[in-house]
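Here's the structure, in structure tokens; my notes come after.
Readers should treat all values here as calculations from the given coordinates under stated rules, not as data from a laboratory. These numbers come from a predicted model, not from an experiment. As a convention, Cβ positions derive from the backbone with ideal geometry for all residues, glycine included, and neighbour counts pool all protein chains shown.
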2 protein chains.
Amino acid sequence: MIEATPNTKERLLKAACRIFAEKGFRDATVAEICEMAEANIAAVNYHFGDKEKLYDEVWRHAFAIAASTYPVDGGVPEDTGIEESLYGYASAILHRIFSEGEAGLFPRLLNQEMAAPTLALDKIAKEALFPQRRQVEKTIKKMFGEACDEHVLWLCQHSIIGQCAFYNFSRPLRERVMGCGTMSEESIDIIARHIARFSLGGLKEIQK
Amino acid sequence: MIEATPNTKERLLKAACRIFAEKGFRDATVAEICEMAEANIAAVNYHFGDKEKLYDEVWRHAFAIAASTYPVDGGVPEDTGIEESLYGYASAILHRIFSEGEAGLFPRLLNQEMAAPTLALDKIAKEALFPQRRQVEKTIKKMFGEACDEHVLWLCQHSIIGQCAFYNFSRPLRERVMGCGTMSEESIDIIARHIARFSLGGLKEIQK
DNA sequence: AATCATTTCAAATAGGCGTTTGAAACATAG
DNA sequence: CTATGTTTCAAACGCCTATTTGAAATGATT
């Protein structure tokens, strides 16, 4: 499963990433992680101290990969139009969600953390989630101005983020019930463009 | 905790509802459930057979309560306007999500099931989730007509449902990080009205 | 080659889990 | 009261969990 790196610690981290993302902190077992990493049962405690510290490392890794592979600005410049900004954000988040590689770890871990929160949640929210929200905030303020109503901002933020996050939340429905687990690059782009357009229309209607 | 009904089976079911909704099937323990129900550790097996059959009963109960307390049509008549239909749907879903009573069990159980799917997911999707989607479908077709493009329908469905579902998904952020766990009746109504208006604008933009 | 630190390993530890058991308590009907 | 069926109970069962242990193996340094 995990490629045979000579480094046991790295193999453990990679295996832990995949298993924590799939099962969450509680349901993942260190025995399972060690087996996938082809390491001894005691390896986690030797290299990371305990299961919890390994989980922290996994989050750090998952966040770093997601942020560098698909930054939330979507690569679009600051001074672009509203629809294009929305597209940049949606595209980045959706690429993370539909990624089957390491960039997909972040949304999967987040899904687990939302269902069974751990002590890590606070740090995750402050370091990863709130900055993402601020990205959406900037786009909304392009429409409503810098001094726009705080509650309206909050509601629109949720509408935009919610559209993207739903594809993360509903993953088991696609994978287990509908049987359409994977998503092509074109499909991702179509969804991102839809969310950008739909949200632009929403913002316009709210502004009326 | 659980009111002292003379009926042990009912006390077990109520306790199980709350604990399964909070922790999911795997992390909930029968010991914990029996303790809350003030029943013996063997009571679950005696009255329900095993933990899994109890979980089935919990889902049945949670679905029945949610569907009867807050039906997805939101109580609005069939032949009403688009924005009002959207409001009806959003209002019903949000009321479920923010309910601290039995009507809130359904979205909480769903959240758990999405993070750690069980064999029950298939049944839940077919009996509860797909009918809910059809409700949104009807509203969208009021705008695009009966013969509207299937993919556009699917995308808009997700946009509307996603806005509502996000308040379920992000519950731990409100409760544990932001510290604003409860939501007043007025707040719920404001959110529902926002989602209806935002979605109407979105649909209009897509129709262009 | 010998010494030292680092890493791996199988086995053991202590605790939690769902479930089973057989006896005790209780309720009901003859 | 007796007999029968239902419900409750404490204890035990077998399995799985994270972690610890001390020895063995490996690597690096002198």
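Label-to-label distances for residue A:53 across copies, nearest first, come out at 4.6 nm, using points 7 Å from Cα in the beta-carbon direction. Loop sites by DSSP among the GluC sites (Glu not before Pro) of chain B, restricted to those with at most 13 other Cβ atoms within 10 angstrom, leave B:4-77 as the longest stretch without any of them. The distance from the alpha carbon centre of segment B:24-51 to that of segment A:63-115 is 41 Å, rounded to a whole number.
Just checking the listed ones, B:190, B:82, B:97: in the Gaussian network model of chain B with Cα springs under 10 Å, the one fluctuating most is B:190.
Helical runs assigned H by DSSP (4 residues or longer) give the protein assembly as shown a calculated mean residue ellipticity at 222 nm of -22000 deg cm²/dmol, each run adding -39500 (n - 2.57) before division by the residue total.
Mean separation of Cα pairs under 8 Å and 6 or more residues apart, divided by the residue count, gives segment B:8-49 a relative contact order of 44 percent. Apply the a/c threshold of 1.5 to the C-alpha gyration tensor of segment A:28-81 and tell me whether it is rounded, prolate or oblate. Here segment A:28-81 falls in the prolate category. Please go through the residue pairs B:51/B:123; A:53/B:51; A:204/B:142; B:14/B:51; B:23/B:126; A:23/B:53 and name each one whose alpha carbons sit more than 25 Å apart in this structure. Violating the 25 Å limit, Cα to Cα: A:53/B:51. Once a ≥ b ≥ c are taken as the square roots of the eigenvalues of the Cα gyration tensor of segment A:1-67, is the result rounded (a/c under 1.5), prolate (a/b larger than b/c) or oblate (a/b not larger than b/c)? Taking the square roots of the gyration eigenvalues as a ≥ b ≥ c, segment A:1-67 is rounded. When chain A is treated as a GNM, springs tying every alpha-carbon pair under 10 Å, which of A:130, A:63, A:20 comes out with the largest mean-square fluctuation? Checking each option, the largest mean-square fluctuation is seen for A:130. For chain A, averaging the sequence separation of C-alpha pairs within contact (under 8 Å, six or more residues apart) and dividing by the residue count gives a relative contact order of 21 percent. Nm distances between the label at residue B:178 and the same-position labels in the remaining copies, 7 Å along Cα→Cβ, shortest first? List, nearest first: 2.7 nm.
Residues whose amide H falls under 5 Å from that of residue A:148, counting only those 5 or more places apart or on a different chain, are absent, with hydrogens built in the peptide plane. Listing A:180, A:34 from fewest to most neighbouring C-beta atoms within 10 Å gives A:180, A:34. Stokes-Einstein diffusion for the protein assembly as shown, with the hydrodynamic radius set to the Kirkwood value over Cα pairs and evaluated at 10 °C in a medium of 1.306 mPa s, equals 70 µm²/s.
In order along segment B:28-36, phi translates into HN-Hα couplings of 6, 10, 5, 4, 4, 5, 5, 5, 4 Hz, rounded to whole numbers, per the Karplus curve 6.51 cos²θ - 1.76 cosθ + 1.60 with θ = phi - 60° and x for Gly and Pro. For chain B, the longest principal axis of the C-alpha atoms and the axis of helix B:82-98 are separated by about 20°. Relative to the longest principal axis of the Cα atoms of chain A, the long axis of helix A:8-27 makes an angle of roughly 60 degrees. Structure remark: mean-square fluctuation, Gaussian network model of chain A, C-alpha springs under 10 Å; the largest value among A:138, A:123, A:14 belongs to A:123. Shape of chain A from the C-alpha gyration tensor: prolate (a/c of 1.5 or more and a/b above b/c, with a ≥ b ≥ c the square roots of its eigenvalues). Among B:17, A:164, sorting on how many other beta-carbon atoms sit within 10 Å of each Cβ, with the fewest leading, yields B:17, A:164. Between residue B:56 and residue A:175, the FRET efficiency estimated from the beta carbon spacing at R0 = 25 angstrom works out to 0.70.
Ranked from shortest, the separations from the 7 Å Cα-to-Cβ label point of residue A:129 to its equivalents in the other copies are 2.1 nm.
Rounding to the nearest 10 and keeping the result within 0 to 90°, find how far the Cα-based axis of helix A:130-144 lies from the longest principal axis of chain A. The helix A:130-144 is inclined about 10 degrees to chain A.
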